[in-house]
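All of the numbers you see were taken from the coordinates with simple rules; none came from a lab. Predicted, not measured: the structure shown is a model, and the values here were computed from it. When we count neighbours, we look across all protein chains shown, and the Cβ atoms used for this are built from the backbone with ideal geometry, even at glycine.
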Amino acid sequence: MKKALVIGGGSGIGLEIARTLNKNNYEVTCVGRRTKENFEFNYISCDASNVDEVTSLFEKEVYDVLIYSAGIISCCEESDNYDDNELNKLIDINLKGCIRTNQLFIDSCSKNNIRGKIINISSISNKGSKDFPIYAASKAGMLAYTKSIASRYENIQSNVISPGVIKTDMSYQESPNFDDYVQDIVDNTPVKRLGNPQDIANTVEFLLSDKAEFITGQEIVVDGGYTLPKE
């Protein structure tokens with residue numbers, strides 16, 4: 001049985017990905033910042049911005065698949081009241097945490113002669129965001145890094161998924177009045193609905209399948225057409 005590590009797997013998109021992997025006979029380990037009891041999968045409490053904690057994830061276990069779905073938003077971006085500690089935390093988790101876990105996974109795969117698969121979860125904001133520029137920059141960095149490692153390491157298949165507007169707890173963290181904007185979002189989405197975590201999990205399932213073995217270094221946008229030209 002192949003083993004998958006899902007960083008940010010304690011809730012939302014990451015948890016739905018973990019459930020889908022489990023249905024596909026992966027042995028799943030989820031990683032999250034919060035402590036959880038009686039979780040449905042093997043769960044490790046870990047801060048993705050902490051070097052020692054992240055390093056320890058790969059000291060006793062060897063994984064075939066890495067999913068990096070951890071991410072945070074800084075609400076201070078909307079007001080331009082930049083708090084260095086908060087913004088450093090955002091970059092540490094969204095970008096540096098991704099790079100660090102990816103590199104540790106790549107090293108592990110190389111040592112154990114494994115052809116590993118990486119899927120990093122970015123965002124359609126990686127092309128720029130008026131409201132969340134630092135978040136957008138962190139997700140753009142993730143995209144560039146994913147493409148880079150795909151060309152650098154022959155034993156690694158790496159791709160990035162950029163979700164559109166997905167209704168999760170983080171949606172309300174980004175905007176406490178999220179429900180007020182739903183209709184406008186739906187009206188501007190060709191498929192006429194919000195995305196849900198299963199949409200992303202389905203894409204992960206495909207990218208990990210044999211049908212996607214010739215796909216690497218690519219960004220898969222899963223947004224129901226939201227970013228398509230309106231005219």
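Observations
- GNM result for the chain, Cα springs below 10 Å: residue of 102, 113, 159 fluctuating most strongly: 113
- Helix 133-152 and the long axis of the chain differ in direction by around 30°, with both axes built from C-alpha atoms.
- Helix 12-23 axis versus longest C-alpha principal axis of the chain: approximately 40°, rounded to the nearest ten.
- When each of 36/167; 3/192; 117/167; 147/167 is checked by Cα-Cα distance, pairs over 29 Å: 3/192
- Highest-MSF residue in the chain out of 55, 101, 146 [GNM, Cα springs under 10 Å]: 55
- Remark: relative contact order (the chain) = 19 percent; criterion is Cα-Cα distance under 8 angstrom and separation of 6 or more residues.
- At full extension, residue 53 and residue 209 could sit 53.1 nm farther apart than now, given 0.36 nm per residue minus the alpha carbon distance.
- FRET efficiency for the residue 181 to residue 227 pair, using the beta carbon distance and R₀ = 22 Å, is estimated at 0.85.
- Largest GNM mean-square fluctuation among 16, 37, 59, using the chain with Cα springs under 10 Å: 37.
- Here each label is just a point 7 Å from Cα along the line to Cβ, and for residue 111 and residue 154 those points are 2.2 nm apart.
- Distance (nanometres) between label positions extended 7 Å along Cα→Cβ at residue 61 and residue 38: 2.2
- Remark: 69, 74 ranked as 74, 69, counting other beta-carbon atoms within 10 Å and listing the fewest first.
- Between 0 and 90 degrees, the angle of helix 178-187 with respect to the longest Cα principal axis of the chain falls at about 90 degrees.
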